[in-house]
Structures are given as C-alpha cells and as structure tokens.
Amino acid sequence: MPLVVLVLITAVAGGVAIRLRYGQPTDAPAQPAPTPTRAQEQPGSSRVVLSEGAAEHPDHGAVRILLQTYFDSVNVTRYDRWKTTVVPAKQRQQPKDQWLENYQSTSDGSIRIHRITGGPDDSLRVLLSFTSVQDPSDAPSTMRVGCLRWRTVYPIVRYSGGLRLGVGHPGNALFRPC
C-alpha cells in the first residue's frame, strides 16, 4: 500500500510540474469559429480566426491577413494569388500545373490560428487547424477521403518587407477524417 501511495503522489507532482513548466493551452478563440459537425456544413467558414493567445502576438494581424489570402487563393483556385503568399522556393516545389492538379477540388474552412511563436532567423511558427473538403482522389495518398481535419505548423518568414509562408518540414502536418 505505501508503494501505491508513493506512485500516486509522484504522478500528481509530475503533472503539476508539467503544467507549471508549460502552462495551459491558449486555444480559447478570441473570435468564434465553430467546427461544423454535419457533412453538408463542411468545411465551415473560410474566415481565418485567432485564439486569444495568438491574438496577443505582435504580428498577429499580418499573419492573419497572409493566411486569409493563402486560404482564399486555394478556395478559388487562384495560383497567381497563392504565389504572393509563399517564398519562391515553395513556388518552385509546386509549379502551376501541379498546384492546380493538387487543389482543383479543395475547399478549406474552420481555419483557426492557435499559436504564433518565434522561430530561427526572425521567422515565425504558426500552429493552426483547418478542415479541407476535396475529391478523395485529391486527398493525401495515405488517406483518400473527402473531408479531413488538419493540424499543422506553418513556417512564416520575413520576405521583401512582408511575411510569406516558407518551405515546410516534411511530416509537420497531422490529419484525420472528419
């Protein structure tokens, strides 16, 4: 019995230490962005919203505008507009024909910026979630479904006096079916 009590006390103390070290998540939205539950309501509003924590970052306005332009470009399939939101290296990774093929049926919504943090060389890291609806053939090859919920980190860099999405790291996105 004393061993069980000792293990329990250690577990509680560890949990308290972790909470003190990392704090509570700041996912409470500063603006409402409910996630739709019925299939016909997917993907939800295309308006990019910020959590309270993200809204406290000094670059939150510029980040929100950048991501709004990025997602709007995907939703209306405008490659020329999308190019203005990404660095040239990302444009080279997705030339127009490939980009149009990848996003031809995609519609994104329920877009929420959860956290904005500093990265290397004055860059930013943006933790966000969104829902995508697409023809299953346009979904990632590992999950050919018509609706996905994404949670990812976008690198954002300072470029030509503004902000642009940088080249991401492979494996930085998690997704699951709606």
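Here Asp135 meets the list (1) closer than 20 Å to Pro43 by Cβ; (2) in contact with a strand residue (DSSP E or B) (Cβ under 6 Å, 6 or more places away or on another chain) almost entirely, failing just condition (2).
Looking only at segment 133-166, residues that are under 25 Å from Thr117 (Cβ atoms), modelled with pLDDT of 90 or more and assigned to a loop (DSSP other than H, G, I, E, B) come to 1 in all. Listed conditions (1) open to solvent by 30 Å² or more (accessible area, probe 1.4 Å); (2) more than 19 Å from the chain's Cα centre (by Cα); (3) at pLDDT 95 or above; (4) under 16 Å from Leu165 (Cα atoms) are all met by Lys96, apart from (4). For residues that are under 17 Å from Ser46 (Cα atoms) and among the polar types (S, T, N, Q), scanning just segment 105-120, find the one that is surrounded by the fewest Cβ atoms within 10 Å (Cβ to Cβ). Of everything passing the filter in segment 105-120, Ser105 is surrounded by the fewest Cβ atoms within 10 Å (Cβ to Cβ). Pairs are defined by a Cβ separation below 6 Å, a sequence spacing of at least 6 or placement on different chains, a first member in segment 140-169 that is open to solvent by 30 Å² or more (accessible area, probe 1.4 Å), and a second member that is assigned to a loop (DSSP other than H, G, I, E, B) and not polar (S, T, N, Q); the pairs so defined are Val145/Ala139; Arg149/Cys178; Val157/Gly166; Tyr159/Val87; Arg164/Val87.
Filtered by the rule that a residue be at pLDDT 50 or above and in contact with a strand residue (DSSP E or B) (Cβ under 6 Å, 6 or more places away or on another chain), segment 14-59 gives Gln42, Pro43, Gly44, Ser45, Ser46, Val48, Val49, Leu50, Ser51, Gly53, Ala54, His57.
The values are calculated or read from the model by the stated rules, or taken from the named source; none is laboratory data. Quick caveat, the model's predicted, so the values are computed rather than measured. Every residue, glycine among them, receives a Cβ derived from its backbone with ideal geometry; neighbour counts consider all protein chains shown. In case anyone asks, the SASA skips ligands and DNA or RNA and just uses the protein heavy atoms, side chains included. Shrake-Rupley method; radii C 1.70, N 1.55, O 1.52, S 1.80 Å.
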